[in-house]
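One structure below.
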Amino acid sequence: MALPARKERYTFADCLTWSENERIEIIDGEAVMMAPPSSIHQEISVAITSQLYNFLEGKKCKVYPAPFGVRLFERNGEVPEDVDTMVEPDISVVCDKNKIDKHGCKGAPDLVVEILSPSSLRHDRLVKLGLYQRAGVREYWIVDPEYKSVQVFMLDSNGSLRISEEYGRGDVARVNVLDGCFIDLGKVFHE
């Protein structure tokens, strides 16, 4: 898969012209290719998504697995040519239905889950952590398939995402932004 014609600055308008099969994020106008996820990545994604879906059934919040475009910094009145950051979190939970449109999410989801892969370690731990913090994502999970662990970051009163909990394979992880929601990590990480 190759990027469309090279440009100095990509926008969401460019994304709308690309094939749905291409996994490309744009961050501050730069296109970032994403490798196809591994089978273990997909198994973890389905296990977490299904538990969130079951909990959220009939509630106002909704869960959206990738591919799902999130325009973190888009403001009302902006057109696609104005938007230069669009990411595809592995899992997003959005509680404000006004943020959802036909292209995905406009603004920060309430919860974002990223599942690490060898090619995404730096991107998820540094770049995306910074983006999600700047956008005001309230809770950010980094799931590590290799170590069978989850790090939970919460947005503090100063607007910083800080580690609040760490969980392992046998734990039940609390979803802080969803009152009463817990994820059984025994069903997420297999032997």
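Residue count for segment 163-191 satisfying the condition of being part of a strand (DSSP E or B) and either touching a helix residue (DSSP H, G or I) at 6+ places or on another chain (Cβ under 7 Å) or farther than 18 Å from LEU111 by Cβ (or both): 4. Taking each residue of segment 72-93 that is touching a residue at least 12 places away in the same chain (Cβ under 8 Å) and over 18 Å from ARG23 (Cα atoms) and looking for partners that are β-branched (Val, Ile, Thr) and surrounded by 21 or more Cβ atoms within 10 Å (Cβ to Cβ) with beta-carbon atoms closer than 6 Å, six or more apart or interchain, yields PHE73/THR85; GLU74/VAL83; VAL93/VAL63.
I'd like to know if segment 125-138 contains one or more residues that are touching a residue at least 40 places away in the same chain (Cβ under 8 Å), touching a helix residue (DSSP H, G or I) at 6+ places or on another chain (Cβ under 6 Å) and either closer than 24 Å to ALA13 by Cβ or of a type outside the set (A, V, I, L, M) (or both). The answer is no; no qualifying residue exists. Consider segment 145-170 and keep the residues that are of a type in the set (D, E, K, R) and surrounded by fewer than 17 Cβ atoms within 10 Å (Cβ to Cβ). The one that is farthest from HIS41 (Cα to Cα) is ASP156. Of the candidates GLU78, GLU114, GLU74, GLU25, the single residue that is buried (at least 21 other Cβ atoms within 10 Å of the Cβ), in a loop (DSSP other than H, G, I, E, B) and charged (D, E, K, R) is GLU74. Of the residues in segment 93-112, at least one is acidic (Asp, Glu) and more than 19 Å from PHE153 (Cβ to Cβ). A Cβ distance below 8 Å, combined with a sequence gap of six or more or placement on separate chains, defines the contacts here; from segment 102-118, residues that are under 20 Å from PRO37 (Cα atoms) and among the β-branched types (Val, Ile, Thr) reach residues that are surrounded by fewer than 20 Cβ atoms within 10 Å (Cβ to Cβ) and at pLDDT below 95 in the pairs ILE115/PRO37; ILE115/HIS41; ILE115/PRO145.
In summary, THR49 fulfils each of the numbered conditions (1) surrounded by 14 or more Cβ atoms within 10 Å (Cβ to Cβ); (2) at pLDDT 95 or above; (3) over 14 Å from the mean Cα position of the chain (by Cα) with the single exception of condition (3). Can you pull out the residues in segment 81-96 that are of a type in the set (A, V, I, L, M, F, W, C) and in a loop (DSSP other than H, G, I, E, B)? Passing the criteria: VAL83, CYS95. ASN54 falls short on exactly one of the conditions (1) loosely packed, with under 13 Cβ neighbours inside 10 Å; (2) on the phi < 0 side of the Ramachandran plot; (3) assigned to a loop (DSSP other than H, G, I, E, B), and that condition is (3).
Residues in segment 35-46 that are more than 17 Å from LYS128 (Cβ to Cβ) and assigned to a loop (DSSP other than H, G, I, E, B) were compared, and the one that is modelled with the highest pLDDT is SER38.
Screening the candidates VAL32, VAL63 for the property of being hydrophobic (A, V, I, L, M, F, W, C), buried (at least 18 other Cβ atoms within 10 Å of the Cβ), in a strand (DSSP E or B) and in contact with a strand residue (DSSP E or B) (Cβ under 6 Å, 6 or more places away or on another chain) yields one hit, VAL63. Reported count of residues in segment 89-99, each being in contact with a Lys or Arg (Cβ under 8 Å, 6 or more places away or on another chain) and surrounded by fewer than 16 Cβ atoms within 10 Å (Cβ to Cβ), is 1.
The values are calculated or read from the model by the stated rules, or taken from the named source; none is laboratory data. A quick note: this is a predicted structure, and the numbers were derived from the prediction, not measured. Please note: Cβ atoms are built from the backbone with ideal geometry, for glycine as well, and neighbour counts cover all protein chains shown.
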